[in-house]
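Undergrad: Submitted below is the structure of interest, expressed as structure tokens.
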Amino acid sequence: MQVRTRGIRTTVAALAAAAGVAAAAVPAAAAPAADTPRFLEPAELPPHPTSPWYAGPVTAGQPDPLPVCVGEALPSIASHRSYWTEYDTNAQQITVVERDVQRAKDFAALLRKDIAGCAKKLMEQDPDITATQKSYGRLNVEEGAHVYGLHTASEWGSSDIGLFSVGRDGRTVTVVLWGQMGNFQHAQVSDFKATTVTAVNKLY
């Protein structure tokens, strides 16, 4: 989610811009091992009306900067991939393989809790921002996935919409984030749900 200075796109998009620069200089990542979770391909993201999607390499570790709402909970064992278009729409997938199923359940629950309280936390941290969020419910894929929306507006006129999902397959948890300028009317919820289903199905 490309961001100006604050709000949703501030935390998720600087990384997408950096990933875009890096992608031009870094060779394509090697094919993942059979026991490694697979990440989304650019064409599997919500379609953009005027631009293709591009993707950086799958990278070990936490994203930098940390994404809004879920970043504080991410462990060092995370892997991530950033995506972007030519028109200020960005996305990210972050995947964590836990030691066992129970730890994965607990981690997914923690992420959902953090997202549920995100709007309130953002406004407490920055009084210039108004944040509103929605829950779009549970998706019946593998052990389940949940989808959320977050809109932030600032006193200086920015308006950004983000979609989040948390899904689990066994001991693997994946988070998908999508964002652009706009509000809830601009959220591609149906397409994002389809992307989430694909992401969870691809974990193994």
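Undergrad: Quick one: residue 82 ticks every box in (1) in contact with a Lys or Arg (Cβ under 8 Å, 6 or more places away or on another chain); (2) of a type in the set (S, T, N, Q); (3) closer than 22 Å to residue 169 by Cα bar one, so which box is it?
TA: (1)
Undergrad: Could you list, in sequence order, all residues of region 38-64 that are charged (D, E, K, R) and open to solvent by less than 70 Å² (accessible area, probe 1.4 Å)?
TA: Within region 38-64, just 44 meets the criteria.
Undergrad: In addition: Tally up the residues in region 156-185 that are over 20 Å from residue 44 (Cβ atoms), touching a strand residue (DSSP E or B) at 6+ places or on another chain (Cβ under 8 Å) and open to solvent by 20 Å² or more (accessible area, probe 1.4 Å), please.
TA: Selection size over region 156-185: 5.
Undergrad: Looking only at residues in region 65-108 that are open to solvent by 40 Å² or more (accessible area, probe 1.4 Å), among the aliphatic types (A, V, I, L, M) and over 15 Å from the mean Cα position of the chain (by Cα), which one is farthest from residue 145 (Cα to Cα)?
TA: For region 65-108, the residue satisfying everything is 77.
Undergrad: Among the listed residues 119, 14, 22, 31, which satisfies the condition of being at pLDDT 95 or above and not basic (Lys, Arg)?
TA: After applying the criteria, what remains is 119.
Undergrad: How many residues, within region 115-129, are part of a loop (DSSP other than H, G, I, E, B), surrounded by 14 or more Cβ atoms within 10 Å (Cβ to Cβ) and free of Cβ contacts under 8 Å to residues at least 24 places away in the same chain?
TA: Of the residues in region 115-129, 0 are part of a loop (DSSP other than H, G, I, E, B), surrounded by 14 or more Cβ atoms within 10 Å (Cβ to Cβ) and free of Cβ contacts under 8 Å to residues at least 24 places away in the same chain.
Undergrad: Can you give me the number of residues within region 82-113 that are of a type outside the set (Val, Ile, Thr) and within 21 Å of residue 137 (Cα to Cα)?
TA: Number of matching residues: 13.
The values are calculated or read from the model by the stated rules, or taken from the named source; none is laboratory data. Given the structure is predicted, the values throughout are model-derived calculations rather than measurements. Glycine also receives a Cβ, built like all others from the backbone with ideal geometry; neighbour counts cover every protein chain displayed. Areas reflect the complete protein model, heavy atoms only, side chains present, ligands, DNA and RNA absent. Shrake-Rupley method; radii C 1.70, N 1.55, O 1.52, S 1.80 Å.
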